[in-house]
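The values are calculated or read from the model by the stated rules, or taken from the named source; none is laboratory data. No experiment lies behind these values; they were computed from the predicted model shown. Here Cβ is always computed from backbone atoms with ideal geometry, including for glycine, and neighbour counts include all displayed protein chains.
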Amino acid sequence: MAKKDNDAKTSKKAPEKKKKGGIRKWFRELRAEMKKVVWPTRKQVLNNTGVVLTVMAVMALFLFGVDSGLGAAIKAILKIGA
């Protein structure tokens, strides 16, 4: 039992000191990662933009229909109560 307590106390590590050159290293790694990026072609970007705009238009029409329908339903309910 005492051995476990000693192991727990001795296994705690002191916080590591911050290494110098951290920012330089970060920029070096950033540059290396940016070289690995596969950028989309102009055709792919235009195609994806078209898909996004189409989906937005369809959703806008759908939400307009739901909003109009619910608005008409609420007006009908309020006319019944009056």
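Going by the conditions given, is R42 surrounded by 10 or more Cβ atoms within 10 Å (Cβ to Cβ), of a type in the set (K, R) and free of Cβ contacts under 8 Å to residues at least 40 places away in the same chain? First the steps, then the outcome.
On the way: surrounded by 10 or more Cβ atoms within 10 Å (Cβ to Cβ): no; of a type in the set (K, R): yes; free of Cβ contacts under 8 Å to residues at least 40 places away in the same chain: yes.
So R42 does not fit the description; no.
Check whether at least one residue in segment 58-72 is assigned to a loop (DSSP other than H, G, I, E, B) and either modelled with pLDDT under 95 or over 35 Å from the mean Cα position of the chain (by Cα) (or both), and report yes or no.
no
Test A32 against the criterion of being of a type in the set (A, V, I, L, M) and surrounded by 10 or more Cβ atoms within 10 Å (Cβ to Cβ), and give yes or no.
Details: of a type in the set (A, V, I, L, M): yes; surrounded by 10 or more Cβ atoms within 10 Å (Cβ to Cβ): no.
Taking the combined requirement at face value, the residue does not satisfy it.
Quick one: is K3 modelled with pLDDT of 75 or more, surrounded by fewer than 10 Cβ atoms within 10 Å (Cβ to Cβ), outside any loop (DSSP other than H, G, I, E, B) and not hydroxyl-bearing (S, T, Y)? Full working, then the answer.
Working: modelled with pLDDT of 75 or more: no; surrounded by fewer than 10 Cβ atoms within 10 Å (Cβ to Cβ): yes; outside any loop (DSSP other than H, G, I, E, B): yes; not hydroxyl-bearing (S, T, Y): yes.
No: the conditions fail for K3.
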